[in-house]
Amino acid sequence: MARSGTARRPSGIYRLPIGGHTARPPEPDMLACLCRTANTVRAYLERTVLREAGLTWTTYDVLVLVCARDVAEPPVIAAEAGVARATLTNALALLGDRGLVRREQHEHDLRRVVVRPTQAGSSLAGMLRRQVGARRAELFRSAAIPSEDDLAAALGALADQIKPGVGPAGNGRAR
């Protein structure tokens, strides 16, 4: 039995206690800012450029990497894109279904597979790279940040340092 004067709150609803204080926002953290910014930029590019082409950032990145190499093995693409092999398999399936890449057996080792871009894939990747580059230039013009080359070099060095098996943080294991 409920006592008189006490009301039961429905479960799942949070109410700030009377006289309660709201939590302070977290202190700025450079790594958290870097990750949040990357996620925000990625979502922005998906909305403004890639959605019209029916691609996500991951499928776009995989397509661009395949086109840059002309022929690539899936484990290499997965490592370069920083995605799990299962994620890469899904991305390659989507790109293959759309006729943007094709999978073939390796010419010297029939147990291995290679991925090649199609002409349509190369054309789409080139067009999207120009559009993404234009958006990137807009973003860099409006933000007070170091030059694109300096920032790209610093971020690339950070990524290389922490890739599995590379640098002081590497542990020799593949992702």
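The values are calculated or read from the model by the stated rules, or taken from the named source; none is laboratory data. Quick caveat: nothing in here was measured; it's all calculated off a predicted structure. So basically every Cβ, Gly included, is an ideal-geometry build from the backbone, and we count neighbours across all protein chains shown. To get the accessible areas, we keep the full protein, side chains included, count just its heavy atoms, and leave off ligands, DNA and RNA. Shrake-Rupley method; radii C 1.70, N 1.55, O 1.52, S 1.80 Å.
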Checked pairs for region 42-56, first under 15 Å from A137 (Cα atoms) and among the β-branched types (V, I, T), second open to solvent by less than 70 Å² (accessible area, probe 1.4 Å) and not in a loop (DSSP other than H, G, I, E, B), C-beta under 9 Å and 6 or more apart or across chains, list as V49/Y60; V49/L128; V49/V132; V49/A134
Going through region 60-113 in order, the residues found to be over 24 Å from L45 (Cα atoms) and assigned to a helix (DSSP H, G or I) are P74, P75, V76
The residue from C35, C67 that alone is closer than 22 Å to R136 by Cα and open to solvent by 50 Å² or more (accessible area, probe 1.4 Å) is C35
In region 71-98, anything farther than 16 Å from Y60 by Cβ and surrounded by 12 or more Cβ atoms within 10 Å (Cβ to Cβ) is listed as V71, E73, P74, P75, V76, A79, R85, T89
